[in-house]
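Inspection log for the structure reproduced underneath, given as structure tokens.
We did not get these values from a lab; they are worked out from the coordinates using the rules stated. The model shown is predicted, which means the values in this text are computed figures rather than measured ones. Positions of Cβ are backbone-derived with ideal geometry, glycine not excepted, and every protein chain shown enters the neighbour counts.
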Amino acid sequence: MKLIAKCLVAGAGALAGIAAGIVAKDRIEEKKEMKEFEFYGFPVETQFGKMTAVTAGEKGPQIVLLNGYGSPSPYLEFKPLMGYLSRFARVTVLEMLGYGCSDNTDRPRTVDNIVEELDAALDALHLSKVWLMPHSISGIYSLAYVNVHPEKVEGLLMIDPSHPEQIDYFNTDKAMKNKKLLKDSGFLRVIEKMTRGKEAEFGKDYSVEDVKLMKKMELWHTHDKVQTNEGMHIRENMNITRNMSFPEELPVLMMLASKNVETFEDWWKPLHEKQLKSTKHGKLIILEGSHFLHQTQSELIAETSRKFIRETLVRKLEEAERKLQNIA
């Protein structure tokens, strides 16, 4: 029995040593990678901290891209989509606090704080009337934003957006905690190395270099206090926005992912259809692909958005013409 006990103690010690080595190696590699990293974009100074923005396009409507939860680099993730959109629009990728190259923050990731920070960044960028293009959780923040600042938004172009009532159907808290545990232990980097070579999961418009950099940045940000705090506020933020609706005159395009529509057939599409009933100018379409539609369908998303914006402008011109005729 004593021999067995000694073996167990020795085994536990060996495992602890291996784990400590993995953690140490992870931290060393991370510091080296971050030291060699070349920053992109330009700083957007606000009273809440410095955010990073990247712009493209010289004329047309102003579109602001907002990332989903946990995006390692919003700019790199939206880079292909940004290229297609810039053919007809002025496009800005705004990296909110805690994302990409932006500052971290100690402010709780409540929907009210995020809306306040988004508004400060748009003011700093001198963007007074924009089309917001949110992906995933940013759909929640955009819903809140148009309720607080409806006069500053031309419309919404939503990429498989989160819905406040989705928390009634599945719990994201456990997934957030598990990913943080893997990162803190150093094993997330081990898993990432084992799955390298899967760059093909991204669309044809991504370079291998950009995909590899995103994978590195995902490791850097996974244990950040900002994203961890945001993850813990998701349920609260969805409950806060549960009873919010889109302004009646707001144009809203919802581009849902076919895989989510199929996987959650009982509620994903019905929830979004119900949400669109509050606006007279809502449109829902389903695009082939996963939740990360913009990684494989950038060109189609851009073209669909261009047509929707054009339809909106034509309708507004026709409405203005009818008003003039009535005055005459």
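So here's what we get for this one:
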| item | result |
| --- | --- |
| Options LEU97, LEU250, ILE286, ranked by Cα towards positive dipole end of region 38-327, top entry (Cβ charges) | ILE286 |
| Derived scalar couplings ³J(HN,Hα) [region 61-68; Karplus, 6.51 cos²θ - 1.76 cosθ + 1.60; whole Hz; x for Gly, Pro] | x, 8, 10, 10, 8, 10, 7, x |
| Within region 95-110, backbone nitrogen closer than 20 Å to the virtual label 7 Å beyond the Cα of SER207 toward Cβ | 100-101 |
| Region 38-327: Cα Rg divided by the 2.2 N^0.38 Å rule of thumb | 0.99 |
| Check: region 38-327 dipole with +1 on Lys, Arg Cβ and -1 on Asp, Glu Cβ, in debye | 360 |
| Which of VAL93, VAL130 has the fewest Cβ neighbours within 10 Å, and the rest in rising order | VAL130, VAL93 |
| Given charges at Cβ of Lys, Arg, Asp, Glu: region 38-327 dipole, positive-most of THR110, ASN239, GLY68 | GLY68 |
| Given charges at Cβ of Lys, Arg, Asp, Glu: region 38-327 dipole, positive-most of PHE170, TYR84, PRO270 | TYR84 |
| Rounded, prolate or oblate (a/c below 1.5 giving rounded, otherwise prolate when a/b exceeds b/c) for region 270-328 by Cα gyration tensor | oblate |
